[in-house]
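To start, the structure itself, in structure tokens.
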Amino acid sequence: MQNRTAPASTDRLPALSIAGRVATIGFRDPARRNALDEPALRAFIDAVGRASGTEGVDLVHLRGEGGAFCAGFDLDGCAEDPRRVESLLTLLSEAVARLRAIDAPVVAEVQGAALAGGCAILTACDFVVVAPDAQLGYPTHRIGISPAISVPTLLSRTEGATRAFLVANELVDGARAVELGLATHCAPRADALASTTAALIERLLTKGPTAMRETKRWMRAIEERGAGSLGAAPARDLDAMARARNASLALASGDEFASMLRAFWSSRGARPAKG
């Protein structure tokens, strides 16, 4: 999770660019390891919506500038006022839900850290390409908050490994992320990440775009209804995401989170928290 202090300027917010059939959403704040604050999350949600609604886009590509994909929430702002994390969790939940609802394939290119909120974003992607030395995980217990917000989407990726991965609160490298199912591809070397991702995107663009969209819609329908029932769909999946968000919010409003966050922040040599 990020621990730098300078807020992101507008030109460092996540942004959408479109080239041909590919929409790229880039995290553009490398000095802060692409930390997520409210403006960054709102800009990301907006970019996801525009990518999804643009005619002719057959693939969405997520990437981060610099040495990290996304190091999670901006903890400096949360240390000043722990109540800010409630808004961040709500926005993160919306970001994951909207990303997961995109019909076109979503490919994430992950170098360095993809922590907490950054890791949660990956659970909504169809393909996750990691560098071998990438670091993925949820180091949230150290500040007294739960990664429950990721459970619904993480379960669909890692199945039985989810419990141990979240409770252990440990980071994994690229190869282990593939073993767990959190990532789908691991580049042979860190400097081959971009070319490995580009090759995957090129292969996907040779597939039938309508067929891929329909496949994703069908899989979502099964997840929402349950594999054993194809009757009326009670939107169980969206309800599960809302419940998971509320579970994280419940801890974020408690004293344990505020005290553990400030203790953690102090141990990192950060400037004293206000309030």
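The values are calculated or read from the model by the stated rules, or taken from the named source; none is laboratory data. Because the structure is a prediction, the values reported are computed rather than measured. For neighbour counting, all protein chains shown are included, and Cβ atoms are generated from backbone atoms with ideal geometry for every residue, glycine included.
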Q: Keeping to the stretch 57-68, report how many residues are under 9 Å from residue 33 (Cβ atoms) and in a loop (DSSP other than H, G, I, E, B).
A: 3
Q.
Can you pull out every residue in the stretch 33-56 that is hydroxyl-bearing (Ser, Thr, Tyr) and outside any loop (DSSP other than H, G, I, E, B)?
A. 52
Q: Taking the options 156, 146, 150, name whichever one is assigned to a loop (DSSP other than H, G, I, E, B), more than 18 Å from residue 26 (Cβ to Cβ), out of contact with any strand residue (DSSP E or B) (no Cβ under 6 Å at 6 or more places or on another chain) and modelled with pLDDT under 75.
A: 146
Q) Just checking, which of 68, 104 is in contact with a helix residue (DSSP H, G or I) (Cβ under 9 Å, 6 or more places away or on another chain), surrounded by fewer than 23 Cβ atoms within 10 Å (Cβ to Cβ) and touching a residue at least 24 places away in the same chain (Cβ under 8 Å)? A) 104
Q | Matching residues, the stretch 71-101, being within 30 Å of residue 209 (Cβ to Cβ) and either of a type outside the set (Lys, Arg) or buried (at least 20 other Cβ atoms within 10 Å of the Cβ) (or both) | A | 91, 92, 93, 94, 95, 96, 97, 99, 100, 101
Q: Could you list all residues from the stretch 1-26 that are assigned to a loop (DSSP other than H, G, I, E, B), modelled with pLDDT of 95 or more and closer than 23 Å to residue 75 by Cβ?
A: 13, 14
Q.
I'd like the full set of residues that are assigned to a loop (DSSP other than H, G, I, E, B) and modelled with pLDDT of 95 or more, limited to the stretch 69-101.
A. 69
**Q.** Residue satisfying all of: in the stretch 64-78; touching a strand residue (DSSP E or B) at 6+ places or on another chain (Cβ under 6 Å) and of a type in the set (Gly, Ala, Ser); farthest from residue 96 (Cα to Cα) among these
**A.** 68
